[in-house]
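I have placed the structure first, in the form of structure tokens, so that the comments after it can refer back to it.
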Amino acid sequence: MHAQDLITPDIPPLRPQDEVGRALDWMEEFKVGHLPVVSEQRLVGIVKDQDLVDRSDPRAVISEVMERVEVPFIRGGQHIYEVMKLFSERGLTVVPVLDEMGRYLGAITEHEALKRLSEVTNISEPGSIVVLEMNQVDYSLHEIARLVEANDGKVLSVYTHVIPGTTRTEVTLKINREEISDILRSFERYEYFVKTTYQGSKLHEDLRGRYEELMRYINL
């Protein structure tokens, strides 16, 4: 899934000559804290709500308050993981999307990106979660997947996280089966440390609940 597939069509870009009052109205309407500024299909800046609120005159124009240096953006062909990285690193609520020629394509909201990320990670699919811990040098997705598949399972998604200050890593697997006792025995037999497991419908309900809570929070 790529950035161009995540564009939210309802988010309009501002123009440099638009007034601050319009930007604030749009931010309130679309529940975002940032908006791109576009001129002749080119991204020329980005504004954030706090900078606009600090302006005493709502009739001031956007060109006076927009950020011009290192304006964050993503290319249309970049993967959703790179989109989420930009959201996280820059603390954005909206990410502008450009094509390879630098033309403005649209914007992605944090809400839409999280919603689509849940599809990529198969959060809605029934199954189980297994968290393994191992030395980084011992990590082999091929070997882990082989053990799962030998027990008639499939790895739906995988996430790795290096434990800070150590040479060890956590590997989080989403597996398509709700009953995975045989898979867990295989991991233990091959000396994988099973750190945590979440199995069956309880996992599905818990993940859906947490995701829906997050969506409600973003919509506030």
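Nothing in this text is a laboratory measurement; each read-out follows from the coordinates by a stated rule. A quick note: this is a predicted structure, and the numbers were derived from the prediction, not measured. FYI the Cβ positions are ideal-geometry reconstructions off the backbone, even for glycines, and counts take in every protein chain you see.
Taking a point 7 Å out from the Cα of residue 17 in the direction of its Cβ, the residues of the stretch 29-73 whose backbone N falls within less than 20 Å of it are 36-47, 58-67.
By the rule of a C-alpha distance below 28 Å, with chain neighbours fewer than 8 residues away ignored, the lysines paired with residue 174 are 85, 115, 154, 195, 202.
Only lysines eight or more places from residue 48 in sequence, or on another chain, were considered; those with a Cα closer than 17 Å are 31. Given R₀ = 41 Å, FRET efficiency for residue 139-residue 54 by Cβ-Cβ distance, to 0.05? Working from the Cβ atoms, E equals 0.30. Tell me the mean residue ellipticity at 222 nm calculated for the chain from its helices only (DSSP H runs of n ≥ 4, each -39500 (n - 2.57), averaged over every residue, nearest 500). About -10500 deg cm²/dmol.
In order along the stretch 152-158, the phi-based Karplus estimate (6.51 cos²θ - 1.76 cosθ + 1.60, θ = phi - 60°) of 3J(HN,Hα) comes to 6, x, 9, 7, 7, 7, 9 Hz; Gly and Pro are listed as x.
Full extension of the segment from residue 167 to residue 185, taken as 0.36 nm per residue of separation minus the current Cα-Cα distance, would add 4.0 nm. Cβ-Cβ distance of residue 28 and residue 5, R₀ of 30 Å, FRET efficiency by 1/(1 + (r/R0)^6): the value works out to about 0.65. Its alpha carbons considered, the chain gives a radius of gyration followed by a Dmax of 21.9, 69 Å. GNM remark for the chain: springs join alpha carbons under 10 Å apart, and the peak mean-square fluctuation among 33, 91, 106 falls on 91.
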